[in-house]
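Quick one: structure below, then a few questions.
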Amino acid sequence: MNWNYVLFSCILGGVALYTIIPDLLLHRLGIGSWKRQFGPGVALTFDDGPDPAFTPRVLEILKRHQVCATFFVVAEKAVNYPDLIQRIQDEGHFIGVHSLHHQYAWFSSPWKTLREWTESVRILEHLTGNKIRWMRPPWGTFNLMTWWWLKRNKMKAVLWNAEGHDWDARRTPKEIIERILKVTNEGTIIVLHDSGGDLDARENSIVALDKLCERIVKELKLPLVPLNFPDWKIRKRLMFRVWEKWEHYYARRHHVERIDATNIFRLEKNIYEGPDIYAEDGKLWAEKGDFVAEIHFDNIRLQAKGRDTQKIALKALRQVRESLPGLARYVADNSTYDDIKVFVAQTLFHRGVKGFGFSVQDLPVTWKSSGIAWLQKMIMRIYHPLGKERKNERLGDKPMLVWISRDKLVLFDYGE
């Protein structure tokens, strides 16, 4: 037996166990960490600060755009600038830990790793007066001790799924912005830097941040929101991701468009398949072959929190009431819908819609209507906090046709 080969194999296996495997699972695959949120918005995060020259400028931009961000700070810098830590908190932002000295995890021994993270949390909790629950390792790298420390201290490892490499001075603001926008969608966590990196890089980050805050809201029609993580097990997270990908595919395939960054409605222009739509006075509003606009819920924006079903229902009702004027303005101002006479939806969620000016009529039972019923019950299972425990008997199994004329809809724009 070649003992040198055995020894080499043991050393190589030990190195892989300590460095590569934890990093692969937590950093690359996101198993045991959070690389995204599970809500409708986009979260901004900042690494490597605080910095007396650039952190205040970042805070001013965030204040102007009314954005709540998360700062993953290096503890040794935080000690030097406690006033900046206090300002970050006072302006409503969150603080997470980004290590003590910003060192690469693979080159840190187990004992040094343990001291690094324990001390950094102790310092930040002393400075902030709050419990620190979120951490982000430098470069997003882990070793086996980092993983153990996370579990031992019940910390959440928060990574990212959109970055502009803004630490590199060669990256122009335009390159940073386009790189981030290309991969930004619901649930995205963006990482930027308010310190560290190349000497001239921070100015580019400042310019990029200001434009990103505008373009994410106006062009992508996504809200900028604080970091927030549900208490979900891995199975529900995977189910959510699969369902979300299906919804994204459907929206692209059928050109379903958002109204704005917060509206819970979406629109799809389509050829109507029936049944005929008649008003109470007998007037025919739509028949098979006519162009109509289908109203869809932006399901993720109706995602509920808590377990009080009455509060959840009241929140949904409030969202509908707040979103209808925006929908009306969008229709009135968008020439795409000038030739549309009727806006329709086939849905189980038809109770109470008459109070908003909609009409309701029966749908024939077909494979399509049965499929709609199944899909909408699945939506409740995905987005309702009770999940499969929620009883759906009140929804029934028969969708109804809900519709409103264009003339009647646009009146919501004026509060009539």
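Scanning for something outside any loop (DSSP other than H, G, I, E, B) and either within 30 Å of I95 (Cβ to Cβ) or modelled with pLDDT under 85 (or both), does region 225-234 turn up at least one residue?
Within region 225-234, one or more residues are outside any loop (DSSP other than H, G, I, E, B) and either within 30 Å of I95 (Cβ to Cβ) or modelled with pLDDT under 85 (or both).
Just one of E76, E60 is more than 20 Å from L227 (Cα to Cα), in the same structural domain as V183 (by TED's automatic domain parsing) and outside any strand (DSSP E or B); which is it? Let's see the steps before the verdict.
Numbers: E60 fails: more than 20 Å from L227 (Cα to Cα).
Unique residue meeting the criteria: E76.
Can you find a residue in region 256-263 that is in contact with a Ser or Thr (Cβ under 6 Å, 6 or more places away or on another chain) and outside the structural domain of G30 (by TED's automatic domain parsing)?
yes
Okay, next question. Among (1) in the same structural domain as L44 (by TED's automatic domain parsing); (2) assigned to a helix (DSSP H, G or I), which single condition is Y249 missing?
The number of the failed condition is (1).
A follow-up question, please. Exactly one condition in (1) without any contact (Cβ under 8 Å) to a residue 40 or more places away in the chain; (2) outside any loop (DSSP other than H, G, I, E, B); (3) surrounded by 16 or more Cβ atoms within 10 Å (Cβ to Cβ) is false for R171; which is it?
(2)
Would you say W160 is surrounded by 15 or more Cβ atoms within 10 Å (Cβ to Cβ) and farther than 18 Å from D210 by Cβ?
yes
Anything in region 78-114 that is within 17 Å of M155 (Cβ to Cβ) and either within 25 Å of the chain's Cα centre (by Cα) or free of Cβ contacts under 8 Å to residues at least 12 places away in the same chain (or both)? List them, or say none.
Scanning region 78-114 gives F94, I95, G96, V97, H98.
Another question, if that's okay. Give region 159-168 a look and list any residue that's part of a loop (DSSP other than H, G, I, E, B) and out of contact with any Ser or Thr (no Cβ under 7 Å at 6 or more places or on another chain), or say none. Write out each step before concluding.
Here is the first cut: in region 159-168, the ones part of a loop (DSSP other than H, G, I, E, B) are 159-161, 164-168.
Passing the criteria: G164, H165, W167, D168.
Please work out which one of (1) without any contact (Cβ under 8 Å) to a residue 60 or more places away in the chain; (2) in contact with a Phe, Trp or Tyr (Cβ under 8 Å, 6 or more places away or on another chain) is the condition T366 fails and give its number.
It fails just one condition, (2).
Of all residues in region 294-317, how many are closer than 27 Å to D231 by Cβ, modelled with pLDDT of 85 or more and either among the charged types (D, E, K, R) or assigned to a loop (DSSP other than H, G, I, E, B) (or both)?
Taking region 294-317 and keeping what is closer than 27 Å to D231 by Cβ, we get 297-317.
Then keep just the ones that are modelled with pLDDT of 85 or more; that gives 297-298.
Next, from what is left, pick out any that are either among the charged types (D, E, K, R) or assigned to a loop (DSSP other than H, G, I, E, B) (or both): 298.
Qualifying residue count, region 294-317: 1.
Follow-up question, since we're still on this one. Within region 196-215, how many residues are out of contact with any strand residue (DSSP E or B) (no Cβ under 8 Å at 6 or more places or on another chain) and more than 19 Å from H65 (Cβ to Cβ)?
Going through region 196-215 one residue at a time, the tally reaches 4.
Among (1) out of contact with any strand residue (DSSP E or B) (no Cβ under 7 Å at 6 or more places or on another chain); (2) at pLDDT 95 or above, which single condition is W147 missing?
Only one criterion in (1) out of contact with any strand residue (DSSP E or B) (no Cβ under 7 Å at 6 or more places or on another chain); (2) at pLDDT 95 or above is unmet by W147, namely (2).
Here's a follow-up. Quick check on my filter: what residues within region 111-147 are of a type outside the set (A, V, I, L, M) and part of a loop (DSSP other than H, G, I, E, B)?
Scanning region 111-147 gives G129, N130, K131, R133, R136, P137, T141, F142, N143.
Let me ask something else about it. So which pairs qualify, if the first residue must be in region 192-205 and closer than 7 Å to G49 by Cα, the second must be part of a loop (DSSP other than H, G, I, E, B), the Cβ gap must be under 6 Å, and the two must be at least 6 apart or on different chains?
Close Cβ pairs satisfying both conditions: D194/G49; D194/D51; D194/F54; S195/D48; S195/G49; S195/D51.
Looking at (1) surrounded by fewer than 14 Cβ atoms within 10 Å (Cβ to Cβ); (2) within 17 Å of Q37 (Cβ to Cβ); (3) at pLDDT below 95, find the lone condition where G140 falls short.
Every listed condition holds for G140 apart from (1).
In addition: Given the criterion in contact with a Lys or Arg (Cβ under 7 Å, 6 or more places away or on another chain) and either over 22 Å from T184 (Cα atoms) or at pLDDT below 95 (or both), identify the matching residue among G30, G49, G39.
Testing whether each residue is in contact with a Lys or Arg (Cβ under 7 Å, 6 or more places away or on another chain) and either over 22 Å from T184 (Cα atoms) or at pLDDT below 95 (or both) leaves just G49.
Looking at (1) surrounded by 14 or more Cβ atoms within 10 Å (Cβ to Cβ); (2) at pLDDT below 85, which is the one condition that is false for G352?
(1)
The values are calculated or read from the model by the stated rules, or taken from the named source; none is laboratory data. Keep in mind it's a predicted model, so treat the numbers as computed, not measured. With ideal geometry, Cβ positions are generated from the backbone for all residues, glycine too; neighbour counts draw on all protein chains shown.
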